[in-house]
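The values are calculated or read from the model by the stated rules, or taken from the named source; none is laboratory data. A quick note: this is a predicted structure, and the numbers were derived from the prediction, not measured. Note that we place each Cβ from the backbone using ideal geometry, even for glycine, and neighbour counts take in every protein chain shown. These accessible areas exclude ligands, DNA and RNA; they are computed on the full protein's heavy atoms, side chains included. Shrake-Rupley method; radii C 1.70, N 1.55, O 1.52, S 1.80 Å.
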Amino acid sequence: MEWQQGEVNADRLERLDPLCDSERKMIKDTWAKVYQNCDDVGVAILIRLFVKFPSSKQYFKQFQQVEDPEELERSAQLRKHSRRVMNAINTLVENLHDGDKMVSVLKLLGKAHALRHKVEPVYFKILCGVILKVLVEAFPDYITPEVAGAWTKLLDAVYWHVKGVYEEVGWASSSAL
């Protein structure tokens, strides 16, 4: 499969390519626009995840039987979780200058999802791809190819670090990391 812009492909990374100052600025600038619509964007991300990857609903008992995207959109529980997703992204963006803080946040996130929620790590890769696609589609005036490239590097790093946490905690599953 050929890698295309708009896809998160951290599996190919042996080491991370750090963000440069201009990429951090592009991410922060575009995130300021995105975060103004935090609730709607977060809901769009989760709905896209559930519609395009219905197996992801297995980790959300309250949504497993819901097929209608409009019903999902009206769900207070979905809005609550989407806000948590958006706030986690916001924390990462606010700390782009502080790699230790970002790693700390991702370790907590990874451990919670591996140990408490038992989420297959591949779903982080899927979610990162969905986030990027929603941002590109919802904010075409702000997410240029260059900006999308910066976001791809950030989301690759998110998946790479989370995958590493799963490995640290001894995650064993039939799903490929």
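Things to note:
- Looking only at the range 33-67, and only at residues there that are without any contact (Cβ under 8 Å) to a residue 60 or more places away in the chain and among the small types (G, A, S), the one that is farthest from E137 (Cα to Cα): S55
- Selected residue (criterion: nearest to V162 (Cα to Cα)) from residues of the range 82-102 that are open to solvent by 50 Å² or more (accessible area, probe 1.4 Å) and either aliphatic (A, V, I, L, M) or not in a helix (DSSP H, G or I) (or both): D98
- Being under 21 Å from L19 (Cα atoms) and either touching a strand residue (DSSP E or B) at 6+ places or on another chain (Cβ under 6 Å) or surrounded by fewer than 21 Cβ atoms within 10 Å (Cβ to Cβ) (or both) is a property that D156 lacks.
- Note on the range 125-177: residues that are farther than 21 Å from L46 by Cβ, of a type in the set (V, I, T) and under 18 Å from the mean Cα position of the chain (by Cα) amount to 2.
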